[in-house]
Amino acid sequence: MKISIGLSTEQLNASTAILSNVLADESTLYMKTRKFHWNVSGESFMELHKLFEHQYKEIEEIIDEVAERIGKLGSVTIGTMTQFIKITRLKETPDEYPVRLKMIEELLLDHETVIKVLREDVDKCDENGDAGTTDFLTAVMKQHETIAWTLRRYLR
């Protein structure tokens, strides 16, 4: 069934492509945060273990909302790690298990990267005339700003 929400097929496809990149970024960040949750040790173990758990659960909600937004725009949602790795704008660190402060630094860098690319994505969606996706991505960006702020506090 053809979707009729005031956006052309081209506009819908452009927004879906942007959202797919966001989904890939969020999924990569989710797995990295879980990896650090599983592998954190040493001083402040339980505090960081719980912090990372809280953050990956928050990212998990974002992932679901991004996937649903893609569906609302009439598209199918990618959903495999192979697809995510091809289009993510984040770097994975396989076989690396940093100490707890390096984990925080790495996650902070990733959240700051996500914030920067979301700013660009917001501008693209705005130029594309998709106010709904613009607003949606702005809210996601704010969530990452809060997470980044929290992580930054551990490094002072």
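The values are calculated or read from the model by the stated rules, or taken from the named source; none is laboratory data. Worth saying up front: this structure is predicted, and the values here are computed from it rather than measured. Cβ: placed from backbone, ideal geometry, glycine included. Neighbour counts: every protein chain shown.
Residue-by-condition table, conditions (1) at pLDDT 95 or above; (2) within 16 Å of Thr88 (Cα to Cα); (3) crowded, with 21+ Cβ neighbours inside 10 Å; (4) not polar (S, T, N, Q):
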position: Ile104; (1), (2), (3), (4): yes, no, yes, yes
position: Asp110; (1), (2), (3), (4): yes, yes, yes, yes
position: Asp126; (1), (2), (3), (4): yes, no, no, yes
position: Thr133; (1), (2), (3), (4): yes, no, yes, no
position: Ala139; (1), (2), (3), (4): yes, no, no, yes
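Taking Trp38 and the conditions (1) surrounded by 15 or more Cβ atoms within 10 Å (Cβ to Cβ); (2) in contact with a Phe, Trp or Tyr (Cβ under 9 Å, 6 or more places away or on another chain); (3) not aliphatic (A, V, I, L, M), which numbered condition does it fall short on, given that it satisfies the others?
Against the list (1) surrounded by 15 or more Cβ atoms within 10 Å (Cβ to Cβ); (2) in contact with a Phe, Trp or Tyr (Cβ under 9 Å, 6 or more places away or on another chain); (3) not aliphatic (A, V, I, L, M), Trp38 comes up short only on (1).
Could you say whether any residue in the stretch 142-150 is more than 15 Å from the chain's Cα centre (by Cα), touching a residue at least 40 places away in the same chain (Cβ under 8 Å) and either under 22 Å from Trp38 (Cα atoms) or assigned to a helix (DSSP H, G or I) (or both)?
Step one: list which residues in the stretch 142-150 are more than 15 Å from the chain's Cα centre (by Cα), which gives 149-150.
Cutting the leftovers down to touching a residue at least 40 places away in the same chain (Cβ under 8 Å) gives us 150.
Among the residues that remain, those that are also either under 22 Å from Trp38 (Cα atoms) or assigned to a helix (DSSP H, G or I) (or both) are: 150.
Scanning the stretch 142-150 turns up at least one residue that is more than 15 Å from the chain's Cα centre (by Cα), touching a residue at least 40 places away in the same chain (Cβ under 8 Å) and either under 22 Å from Trp38 (Cα atoms) or assigned to a helix (DSSP H, G or I) (or both).
In the stretch 103-131, how many are part of a helix (DSSP H, G or I) and either of a type in the set (D, E, K, R) or free of Cβ contacts under 8 Å to residues at least 24 places away in the same chain (or both)? Reasoning before the result, please.
We begin by selecting, within the stretch 103-131, every residue part of a helix (DSSP H, G or I); these are 103-127, 131.
Then keep just the ones that are either of a type in the set (D, E, K, R) or free of Cβ contacts under 8 Å to residues at least 24 places away in the same chain (or both); that gives 105-106, 109-110, 112, 116, 119-124, 126-127, 131.
The number of residues fulfilling the criteria is 15.
Looking at Thr88, Thr33, which one is under 12 Å from Leu19 (Cα atoms) and surrounded by 18 or more Cβ atoms within 10 Å (Cβ to Cβ)?
Result of the check over Thr88, Thr33: Thr88.
Exactly one of (1) under 19 Å from Ser27 (Cα atoms); (2) touching a residue at least 12 places away in the same chain (Cβ under 8 Å); (3) among the β-branched types (Val, Ile, Thr); (4) part of a helix (DSSP H, G or I) is unmet by Thr134. Its number?
(1)
Take the stretch 121-141 and flag every residue that is within 14 Å of the chain's Cα centre (by Cα) and charged (D, E, K, R).
Within the stretch 121-141, just Asp121 meets the criteria.
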